[in-house]
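Here's the structure, in structure tokens; my notes come after.
The values are calculated or read from the model by the stated rules, or taken from the named source; none is laboratory data. Computed from a predicted model, the values in this text were never measured in an experiment. Glycine gets a Cβ as well: all are built from the backbone with ideal geometry, and neighbour counts include every protein chain shown.
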Amino acid sequence: MQKSQRKPSQLAAHPAQKKHKPFDLEEVRAALQEKDELHAKTLAEFDNYRKRVAKEGDATAKSAIRELLLGMLAVQDSFDRAFQSEALKAEPQVYQGMRSIQRQIRQLLEQRNVMSFDSVGQAFNPSLHEAVGTEPSQKFSDGVISREIERGYLWEEKVLRPAKVVVVQNNPASPGLDTMA
């Protein structure tokens with residue numbers, strides 16, 4: 001038999017001629033809803049990821065700025081100690097030049113919301129102060145700061161560096177003060 005003389009039952013069905021099962025509308029709706037839910041979940045997860053990465057980036061940047069500010073405070077402390085030197089006071093031009101540099105550092109710190117706080121005469125507060133010793137005093141009562149060894153600073157209203165202080169202890173048997181010495 002020649003090719004053209006084949007019976008229709010012998011001819012291979014063309015793919016386009018295959019019968020398709022009719023679509024079940026409920027199945028299609030369920031599949032679309034599942035895809036929509038997956039899409040919404042993926043978008044929410046990505047948004048959470050984006051927020052977490054931004055928050056971590058902000059924390060890293062803030063930590064780096066904090067370290068830089070603490071370094072600047074160490075320089076500020078060095079200037080404060082230098083100005084206590086009698087030899088420096090004997091050199092007026094050097095003294096004035098150093099004062100000018102110190103003012104620039106202080107202004108830079110203030111622009112970054114770094115502010116010092118007073119401690120002498122204040123009650124000891126462990127969240128603001130670090131006690132480095134105790135001493136008796138006729139001027140202040142127990143638990144009050146009599147001397148400041150190193151200034152404390154706040155940055156954006158939080159403690160950047162606690163003040164190192166000496167706390168009054170007139171009665172050596174005062175409760176709670178033995179942990180500060």
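What residue, of Gln93, Gln76, Gln84, Gln33, is part of a helix (DSSP H, G or I) and surrounded by fewer than 10 Cβ atoms within 10 Å (Cβ to Cβ)?
Gln93
Given the condition acidic (Asp, Glu), more than 27 Å from the chain's Cα centre (by Cα) and assigned to a loop (DSSP other than H, G, I, E, B), answer yes or no: does some residue in segment 106-118 qualify?
Checked segment 106-118: no residue is acidic (Asp, Glu), more than 27 Å from the chain's Cα centre (by Cα) and assigned to a loop (DSSP other than H, G, I, E, B).
Consider Glu86 carefully, then state whether it is farther than 17 Å from Glu156 by Cβ, assigned by TED's automatic domain parsing to the domain that holds Val167 and not β-branched (Val, Ile, Thr).
Against the criterion (farther than 17 Å from Glu156 by Cβ, assigned by TED's automatic domain parsing to the domain that holds Val167 and not β-branched (Val, Ile, Thr)), Glu86 does not qualify.
I need the full set of residues from segment 121-135 which are touching a residue at least 40 places away in the same chain (Cβ under 8 Å) and part of a loop (DSSP other than H, G, I, E, B), in order please.
Within segment 121-135, Phe124 is the sole residue that qualifies.
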